[in-house]
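The values are calculated or read from the model by the stated rules, or taken from the named source; none is laboratory data. Just so we're clear, the structure is a prediction, and the values are computed from it rather than from any experiment. Note that each Cβ is placed from the backbone with ideal geometry, even for glycine, and that neighbours are counted across all protein chains shown.
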Amino acid sequence: MMPPTATGGPHPAQSPIRILIADDHVTVREGLAAIIERQSDMEVVAEASNGIDAFELWQQKRPDVALLDLRMPGLDGVGAIKEIRAADASARILVVTTYDTDNDISRAVKAGARGYLLKDAPRDELLTYIRRVHAGEICLPSALLAKFAATLADEALTRREVEVVALLASGKSNRDIGLVLEITETTVKSHMRSIFAKLDVLSRTEAIATAGRRGLIDFDVLERKKS
């Protein structure tokens, strides 16, 4: 995977690139549509506010490129990507989001996204990504590419280990974690050793921080549960 360059300008003589935009924030959709509609080689053929509508509109319109956010109601971006790719393995999908954790990037790319871009990226970069994804390339910014490569090199936590880390982040002791999960404290300690090894950390604090950075735990949700 090579990060895109500033090449790939419009080709007015060709048919416009037909684009679907899916984002639950109307201002974001309108902003993206306004940028795209000013390009002679692009046109917006559909807009969706959730993942379910995104999939249905994709089936109806069969756009050349779909721009999807990750966090959407009904069906999230990864779910929509999976549905679209199940219907057409050649579908070209570009994720445009505010989320850049290792886990978010990994899930999106593994689901079949051909590109991943943050919403604060320059306008020209967005347009370049659309053109290059349409051309069949896989596009990731260099910073996100490094994160994705690191994720592939990491050994994944099991579902139980993720539960242990989440409870650890909520402030629970090994004994409390055992009571919640109905396992012995010895088993909790065994899970902790495995977690430390997989995350390449030496302390509970490091484990929590690393798990948060990789998107394995949501600190906002944990805070709401505490309140």
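A few notes on this one:
- Only one of the numbered conditions (1) surrounded by 16 or more Cβ atoms within 10 Å (Cβ to Cβ); (2) at pLDDT below 80 is not met by A156, and that is (1).
- Of residues in the stretch 26-55 being of a type outside the set (A, V, I, L, M, F, W, C) and free of Cβ contacts under 8 Å to residues at least 12 places away in the same chain, the one surrounded by the most Cβ atoms within 10 Å (Cβ to Cβ): G31
- Total residues in the stretch 40-50, condition out of contact with any Lys or Arg (no Cβ under 9 Å at 6 or more places or on another chain) and either more than 13 Å from I21 (Cβ to Cβ) or β-branched (V, I, T) (or both): 1
- Filter result (of a type outside the set (D, E, K, R) and closer than 17 Å to I17 by Cα) within the stretch 111-137: G115, L126, L127, T128, Y129, I130, V133, H134, A135, G136
- Qualifying residue in the stretch 72-92 (condition: modelled with pLDDT under 95, part of a strand (DSSP E or B) and under 12 Å from the mean Cα position of the chain (by Cα)): no
- Residues in the stretch 105-145 that are in a helix (DSSP H, G or I) and within 12 Å of the chain's Cα centre (by Cα): I105, S106, R107, A108, V109, K110, A111, L144.
- Enumeration of residues in the stretch 56-75 that are crowded, with 24+ Cβ neighbours inside 10 Å and small (G, A, S): A66
- The set of residues in the stretch 113-124 that are buried (at least 17 other Cβ atoms within 10 Å of the Cβ) and not aromatic (F, W, Y) comprises A113, R114, G115, L117.
- Of all the numbered requirements in (1) within 15 Å of V133 (Cβ to Cβ); (2) modelled with pLDDT of 95 or more; (3) among the hydrophobic types (A, V, I, L, M, F, W, C), M1 misses one, and that requirement is (2).
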